[in-house]
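Just dropping this structure here.
Values quoted throughout were computed directly from the atomic coordinates according to the rules given, and no laboratory measurement underlies them. All of these numbers come straight from a predicted model, not from anything done at the bench. For neighbour counting, all protein chains shown are included, and Cβ atoms are generated from backbone atoms with ideal geometry for every residue, glycine included.
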Amino acid sequence: QKEVEQNSGPLSVPEGAIASLNCTYSDRGSQSFFWYRQYSGKSPELIMFIYSNGDKEDGRFTAQLNKASQYVSLLIRDSQPSDSATYLCAVNMGYNFNKFYFGSGTKLNVKP
Amino acid sequence: NAGVTQTPKFQVLKTGQSMTLQCAQDMNHNSMYWYRQDPGMGLRLIYYSASEGTTDKGEVPNGYNVSRLNKREFSLRLESAAPSQTSVYFCASSELRGTEAFFGQGTRLTVV
């Protein structure tokens, strides 16, 4: 059974703080990992992807990957109320083609 | 540039009725996917089509059928709708390998 696990939250942080979102996955052979943001009633939109172990930064967002521990995380610095949304972790568990599995999502609330 | 387009956006069915959800993408992607999203469950893969002419079951295929009509279009059919199929359905597309999935705006389906 291929699984992607996330803490459902809600995770509440004050404005300006760092929000830390975590995800674990079951398939050790997975090669690509994605974070999507989903506002209520909307479709998921890509925030970041990461393929290699270590950190990848894009503006206020940092994705971290540890393949040995089968763990991927997303840090949001200087959190803003507009960051309040559900964050979905996605793992590509396909081999010859893409096949994306999603976690249940973590709901983030950023309080002004 | 429309990306991934789903029709309809909303639908109410009676138990036992049938319907087809339509999806089309204009990004020349090889792979297309159907997901359902239920509260607290994240996105679950129903069926996918790695390339034109192929389809395969995902995590929750029971009660559904799909057709990859051509490279652009991938439809999802409910032959005899059940209340358990009340959900939000998302179509997505991607390249065959690597990169991310792009999502349509979703179809909110209620079966009464």
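If you put +1 on each Lys and Arg Cβ and -1 on each Asp and Glu Cβ, how big is the dipole of chain B around its Cα centre, in Debye rounded to 20?
About 240 debye.
Using 7 Å Cα-to-Cβ label points, what is the A:A68/A:I18 separation (nm, one decimal)?
2.1 nm
For the protein assembly as shown, what is Rg from Cα atoms divided by 2.2 N^0.38 Å, rounded to two decimals?
Taking N as the residue count of the protein assembly as shown, the ratio is 1.01.
Oh, and also: Evaluate the distance, in nm, between pseudo-label points positioned 7 Å from the Cα of A:K42 and of B:T5 along their respective Cα→Cβ axes.
Result for the modelled spin labels: 2.2 nm.
Could you calculate the FRET efficiency of B:V12 with A:N109 from 1/(1 + (r/R0)^6), where r is the beta carbon distance between them and R0 is 45 Å, rounded to 0.05?
0.90
Where in region B:6-112 are there trypsin sites (Lys or Arg not before Pro) that are in a DSSP coil and have at most 14 other Cβ atoms within 10 angstrom of their Cβ?
B:K9, B:K14
A further question on this structure: Setting aside same-chain residues fewer than 8 positions from A:K56, which lysines have a Cα under 18 Å from its Cα?
A:K67
Looking at region A:52-112, I'd like the Rg to Rh ratio, where Rg is from alpha-carbon atoms and Rh is Kirkwood's inverse mean 1/r.
Across region A:52-112, the Cα-based Rg/Rh ratio is 1.02.
Ok, one more. Where does chain A land on the Kirkwood hydrodynamic radius, alpha-carbon pairs, in angstrom?
For chain A, the Kirkwood estimate is 14.0 Å.
Starting from the Cα-Cα distance between B:T110 and B:M27, subtract it from 0.36 nm times their residue separation and give me the gain in nm to one decimal.
Result for the pair: 26.9 nm of gain on full extension.
For region A:99-110, just list the computed ³J(HN,Hα) in residue order, Karplus coefficients 6.51, -1.76 and 1.60, θ = phi - 60°, integers in Hz, with x standing in for Gly and Pro.
So the Karplus estimates, Gly and Pro as x, are 8, 9, 10, 10, x, 7, x, 10, 7, 9, 10, 9 Hz.
Something else now. Region B:1-57: Rg/Rh from Cα coordinates, Kirkwood Rh?
0.99
Please compute the modelled spin-label separation between B:K57 and A:Q1, points set 7 Å along Cα→Cβ, answer in nm with one decimal.
So the label points at A:Q1 and B:K57 sit 1.6 nm apart.
List, in order, the whole-Hz ³J(HN,Hα) value for each residue of region A:46-62 obtained from phi through the Karplus relation with A = 6.51, B = -1.76, C = 1.60 and θ = phi - 60°; use x for Gly and Pro.
5, 9, 8, 10, 8, 10, 10, 4, x, 10, 9, 10, 8, x, 7, 9, 10
Taking the Cα centre of chain A as origin and charging only Cβ (+1 Lys, Arg; -1 Asp, Glu), how large is the dipole, in debye to the nearest 20?
Charge dipole of chain A: 180 debye, to the nearest 20.
Using the structure shown, list the pairs from A:K42/B:K9; A:K2/A:K107; A:K42/B:K57 with a Cα-Cα distance above 18 Å, or answer none. Write down the numbers at each step before the final one.
Details: A:K42/B:K9 11 Å; A:K2/A:K107 22 Å; A:K42/B:K57 25 Å.
Violating the 18 Å Cα-Cα cut-off are A:K2/A:K107; A:K42/B:K57.
Moving on. Ratio of alpha-carbon Rg to the 2.2 N^0.38 Å globular estimate for chain B, to two decimals, please.
Numbers: Rg = 13.1 Å, N = 112, 2.2 N^0.38 = 13.2 Å.
So chain B has a normalised radius of gyration of 0.99.
To continue, here is another question. For the charge dipole of the protein assembly as shown, defined by +1 on Lys and Arg C-beta atoms and -1 on Asp and Glu C-beta atoms about the Cα centroid, which residue among B:P61, B:T99, A:Q80 has the Cα displaced farthest towards the positive pole?
Of the listed residues, the answer is B:P61.
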